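S.K.: Dumping the structure here so I can ask a few things about it.
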Amino acid sequence: RAYRDLPSVPSLPAMQDKEGFARDLTTALDEQVPILGAASPRSERRRRVPVWATLLVSVAALALLLAGSFGAGGAAQSGSVGGDGASGGGPVRAVAGKALPRTQFLAESVPQDGSIVATANQLTDELHKMTAKVAGDDAQAKKLAKEAADEMKDSRAKVKAAKEEIAAAEASKAKAENMQREAAAKIAKAKAMLKDSAQSKEHANGVMSKGRTGIADSNELSSSAHALRVKLEREAEEAADLKKKEIDALMGETKYLKGVADGDRQSADAALKSANAKLDSAEDEIEKQKHIYSDAMAKLKKAKASEEAGTADIAKAKDMKESAEHEREVATADKAQGSHALTAGKAAAKKAEEAQERVDEETDKVGALEAQALHKSASHRICVDVPGVRLREASKASGFAPIAVEKDVSTATKCIDWCKQHEECMQVTYSTGNKGCYLFSKATTEAWQWSDSYNASYCADSKEKDHLMNMVKQVFSQKPAISEAVACSWAGDDCSQTKCCNDATCSWDLKDCKGYSCYQQSGGSAQCAETASWSTGTIIGGPRKVREVAKAEDGITVQGTSLFCFMVVNWKGKEGAIANNIKEKQLSIYQCDAHAILSGWETPKTPWSTYINADAFIKHWQQLQESKQYLAHDWVVKVDADTVFFPNMLKMHLAALRTPQGAKVYLKNINYKFHFQGALEVLTREAVDLYFQRGGECAGAGKLLKSHPKAGEDFYMKTCLESIGVDTQEDFSL
């Protein structure tokens, strides 16, 4: 058993009592070393001490007794423990107050003489070997005990795993039983399956009972744990396999039953479908018979109605016959009276003709008098023309209707003559656009619109000629100086006369554009070409210079602020919802003086998200040209559907610009890229007129649309307007 270092033996005062020392040593060993025979509390779990070890220790004690007879003299001479002996076979040493190891004490206590000393040393060596062997045996025993404990722990863990597997098998089995019960509730054929499942359950319970019995035996018989564990694992595996097979069988049978049920359900569905079809057919037949019956009743009713109508017609015919006979009698009577009335009528007609002749004579007299009066008025009146202007209306227009003479104001001259012939007429405006003659009883010198389509006149007594001429001067003093549009040439055209070019090359984002130059060729002709650093001829002209129109000075007629606004809407996109909201709430262009909404469509985009929609908007502008709605207003405004637009605020901006009336102008609306963004495009009516006259040049073959095929409509419109001579004004705050 475990044999550690023996406890120290207390120091002895002397060695005279050899028997007492041996007895004390034996007693100490018996008390402090369990291997000498005393039972240890743990002896039940340890091996017994070999007999030879006990005998060996006893022999060592006897040797000490024998050695004592040789050391008496020395002990007597030493006098005390710790003294040095000079004779008697050698000193016996002990350190007072200090316990020496047992083996060292024994070796130093025995006299160093002959065989007894050798025997003692031999016994001491044997004792050391025995101690080492016992220590090794103890370590081996601990190792074996630990291995046994580990095996027991592993066995218990495996037993626990086996229990868990059995529990899992039970759970799987329960799940399978539940599935089988559900199948049995729907399919009657599953009852036999449930019986087999119950038998399988009993078998599994028997296997589990065996497993539990084996587990109990393993707890009681730890020495056979390994064998039992193997057996339990095998049985658990067999049980699990059996369970799996049973569950697979149950699942297969359930699947089969489900398939049968599905087949039955499909058959039932087919039967139900067939029944429904027959029912539908029967209902159709019933409806058909109902229609036939209804038609028959309708025909019968119609026949009755025809019969009644025929009866009524016969009665009516009789009444008509009787009435005709009565009328014939009356007519015969009236014939005589008619002859008398005819004679009277002829006499009355003759009298009427005579009266009409007298009326015509009187009318002619009145006409002559009216003509004489008009001529008399015209003879002392004078009219002064103010060509090319529409004057403000100082009063409501009057027709100055005639009494008897015919009124003819179909031309400007006839319109002025009609005003001249009426004393009350003071001002005339004639429009060649609608051939309208507008006459006013009051005159004003305020010019409203300068255009060749208008002709105004002042009429008054001849004595007021100077006054009229002063009025004319006042009107013309308001006329703005409008420059004529400059014509330039396109690439490939002869520019020898224009000496300027419309085309330009631009960067991909249209921020930077460089205009073409007009090159004089050696043969005398000149063409617009891209401006190059190398010589392609003599440059006699450059890019078109865009003119910016200055604000009109005080007293000069300015463009009005009447707005015609339009919007192009793709109703299939998000713009449709926005436009409907604008319409519902009467916002944006609905607050302009007039408006129009045109239907658009989705157009492709460039990689930089610009819509390629120039060609589409060319068509939209053509729609406006055909409608002519814009002509009655001063400005044309194109607004995007997703632009938040306030027309009254735009009018404030336009009034501040003081655009000269009649100027062909578009507004630069933003200080970005090419200064004209399509969300809000603002042009004067005159600029739009010029675009409709010459805009086709921009879209012609080899012109602007071809040189910038991926341009947005705003860049195209801006470039085209400048190319045909439209001027600009700037309001980046728009």
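S.K.: Could you say whether any residue in the range 598-606 is modelled with pLDDT under 85, basic (Lys, Arg) and either under 27 Å from the mean Cα position of the chain (by Cα) or closer than 28 Å to Met649 by Cα (or both)?
M.R.: yes
S.K.: Right, another one. Working only within the range 420-435, note down all residues that are under 24 Å from Lys465 (Cα atoms) and free of Cβ contacts under 8 Å to residues at least 40 places away in the same chain.
M.R.: Across the range 420-435, the qualifying residues are Glu424, Cys425, Met426, Gln427, Thr429, Tyr430.
S.K.: Of these, Ala296, Ala333, Ala371, Ala309, which one is modelled with pLDDT of 75 or more, farther than 30 Å from Ile403 by Cα and surrounded by 10 or more Cβ atoms within 10 Å (Cβ to Cβ)?
M.R.: From the options Ala296, Ala333, Ala371, Ala309, the qualifying one is Ala309.
S.K.: Also, quick follow-up: Filtering the range 674-701 down to residues that are open to solvent by 40 Å² or more (accessible area, probe 1.4 Å) and modelled with pLDDT under 80, which residue is nearest to Ser562 (Cα to Cα)?
M.R.: Looking at the filtered set, the residue picked out is Ala699.
S.K.: Oh, and also: Return the total of residues in the range 473-491 being exposed (fewer than 13 other Cβ atoms within 10 Å of the Cβ) and over 21 Å from Lys664 (Cα atoms).
M.R.: 1
S.K.: Separate question: Considering each of Val558, Val568 in turn, give the residue that is open to solvent by less than 30 Å² (accessible area, probe 1.4 Å) and of a type in the set (A, V, I, L, M, F, W, C).
M.R.: Only one candidate passes the filter, namely Val568.
S.K.: Right, next: Given the conditions (1) farther than 25 Å from Ser441 by Cβ; (2) open to solvent by 70 Å² or more (accessible area, probe 1.4 Å); (3) of a type in the set (A, V, I, L, M, F, W, C); (4) touching a residue at least 24 places away in the same chain (Cβ under 8 Å), report the number of the one that Ala504 does not fulfil.
M.R.: Against the list (1) farther than 25 Å from Ser441 by Cβ; (2) open to solvent by 70 Å² or more (accessible area, probe 1.4 Å); (3) of a type in the set (A, V, I, L, M, F, W, C); (4) touching a residue at least 24 places away in the same chain (Cβ under 8 Å), Ala504 comes up short only on (2).
S.K.: Scan the range 422-465 residue by residue and report those that are under 24 Å from Ala371 (Cα atoms), open to solvent by 50 Å² or more (accessible area, probe 1.4 Å) and polar (S, T, N, Q).
M.R.: Ser441, Ser462
S.K.: So, one more: Please work out which residue is most open to solvent (accessible area, probe 1.4 Å), limiting yourself to the range 378-396 and to residues that are under 21 Å from Gly560 (Cα atoms) and assigned to a loop (DSSP other than H, G, I, E, B).
M.R.: By that ranking, first place goes to Lys396.
S.K.: Additional query: Mind listing whichever residues of the range 507-533 are of a type in the set (Ser, Thr, Tyr) and either within 10 Å of Pro543 (Cα to Cα) or surrounded by fewer than 17 Cβ atoms within 10 Å (Cβ to Cβ) (or both)?
M.R.: Ser507, Tyr516, Ser517, Ser522, Ser525, Thr531, Ser533
S.K.: Something else now. Within the range 540-555, take every residue that is charged (D, E, K, R) and part of a loop (DSSP other than H, G, I, E, B) and give me the one that is least open to solvent (accessible area, probe 1.4 Å).
M.R.: Here the residue is Arg544.
S.K.: Being on the phi < 0 side of the Ramachandran plot, modelled with pLDDT under 90 and not in a strand (DSSP E or B) is the requirement here; does Asp509 meet it?
M.R.: yes
S.K.: Based on this model, can you work out whether Ile612 counts as over 18 Å from Leu563 (Cα atoms), at pLDDT below 90 and in contact with a helix residue (DSSP H, G or I) (Cβ under 8 Å, 6 or more places away or on another chain)?
M.R.: No.
S.K.: Can you tell me which condition Cys419 does not meet? The list is (1) open to solvent by less than 40 Å² (accessible area, probe 1.4 Å); (2) part of a loop (DSSP other than H, G, I, E, B); (3) not β-branched (Val, Ile, Thr), and all the others hold.
M.R.: Exception for Cys419: condition (2).
The values are calculated or read from the model by the stated rules, or taken from the named source; none is laboratory data. A quick note: this is a predicted structure, and the numbers were derived from the prediction, not measured. Quick reminder, even Gly has a Cβ in these numbers, built from the backbone with ideal geometry, and neighbours come from all protein chains shown. Each accessible area value is taken on the protein alone, full model and side chains, heavy atoms only, with ligands, DNA and RNA left out. Shrake-Rupley method; radii C 1.70, N 1.55, O 1.52, S 1.80 Å.
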